[in-house]
Amino acid sequence: MSKSVIYIFILLVVITACKTENKSAELSMNDTLANNLNVFIDSCWNDQNVSKLNELVDKNFVRMLNGINVAKNENEMAAHMNVFFTGFPDLKIQYSDAYIEGNNIFMNWECTGSNTGIFGEMPATGKKVKIQGLTHLYFTQEGKLYKEDVYYNELDLLQQLGYSLKSPVLE
């Protein structure tokens, strides 16, 4: 009977050790993802340092904006970001309610800026904007960002810039 007790004790120690190791790995990955999120928002977006993308994104990175693929790699993402930086030189993003689940981050954000430069093909309006959105970031096992799904109301952005919709011509 004493051998049974010893075997059960050893089994419990091994199981507990394995759970602790998995928990440590999970915490470490969460720390990595949280750090990468901060670099992505603070350095890449708020400091407009697109060179930081090199250390953050996977070679197969994809950015989806309201369901439309707008960037298929790091270079396209940098060009896409520069459209926003040209149109809104003072652009700032603040995120809230960021949740890490597995290798994913879900976050609400708010973006502010003044349209003092050309935005895409639209001339500067001088108007300030404030928009809210939701982003889902996908990371590899190594912590590299490989996909970003971004959702926000583009009509709201355009209306804040002074644009409006025309009624359709019905014939």
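Scanning region 97-127 for residues that are under 12 Å from the mean Cα position of the chain (by Cα) and exposed (fewer than 12 other Cβ atoms within 10 Å of the Cβ) gives a single hit, TYR99.
Taking region 137-171 as the range and being out of contact with any His (no Cβ under 7 Å at 6 or more places or on another chain), within 20 Å of THR32 (Cα to Cα), in a strand (DSSP E or B) and touching a residue at least 60 places away in the same chain (Cβ under 8 Å) as the test, the residues that pass are LEU137, PHE139, LEU145, TYR146, LYS147, GLU148. Out of LEU33, LEU91, one residue alone is touching a strand residue (DSSP E or B) at 6+ places or on another chain (Cβ under 7 Å), surrounded by 12 or more Cβ atoms within 10 Å (Cβ to Cβ), farther than 18 Å from ASN153 by Cβ and modelled with pLDDT of 95 or more. It is LEU33. Of the residues that make up region 110-124, is at least one in contact with a Pro (Cβ under 8 Å, 6 or more places away or on another chain) and assigned to a strand (DSSP E or B)? There is at least one residue in region 110-124 that is in contact with a Pro (Cβ under 8 Å, 6 or more places away or on another chain) and assigned to a strand (DSSP E or B).
Checking each residue in region 53-69 for being within 14 Å of the chain's Cα centre (by Cα) and within 24 Å of GLY87 (Cβ to Cβ) picks out LEU53, LEU56, VAL57, PHE61, VAL62, ARG63, MET64, LEU65, ASN66.
Can we say ASN73 is free of Cβ contacts under 8 Å to residues at least 12 places away in the same chain and either under 26 Å from ILE118 (Cα atoms) or surrounded by 14 or more Cβ atoms within 10 Å (Cβ to Cβ) (or both)? Answer is no for this residue. The number of residues in region 74-102 that are out of contact with any helix residue (DSSP H, G or I) (no Cβ under 9 Å at 6 or more places or on another chain) and at positive phi comes to 1. Report whether or not GLY113 is at pLDDT 95 or above and in contact with a Ser or Thr (Cβ under 6 Å, 6 or more places away or on another chain). In short, no. There is at least one residue in region 78-86 that is at pLDDT 95 or above and surrounded by fewer than 14 Cβ atoms within 10 Å (Cβ to Cβ). Within region 134-142, none of the residues are touching a Ser or Thr at 6+ places or on another chain (Cβ under 9 Å), hydroxyl-bearing (Ser, Thr, Tyr) and on the phi < 0 side of the Ramachandran plot.
The values are calculated or read from the model by the stated rules, or taken from the named source; none is laboratory data. Here the structure is a predicted model, which is why all the values come from computation and not from measurement. Neighbour counts run over all protein chains shown; Cβ positions are idealised from the backbone, glycine included.
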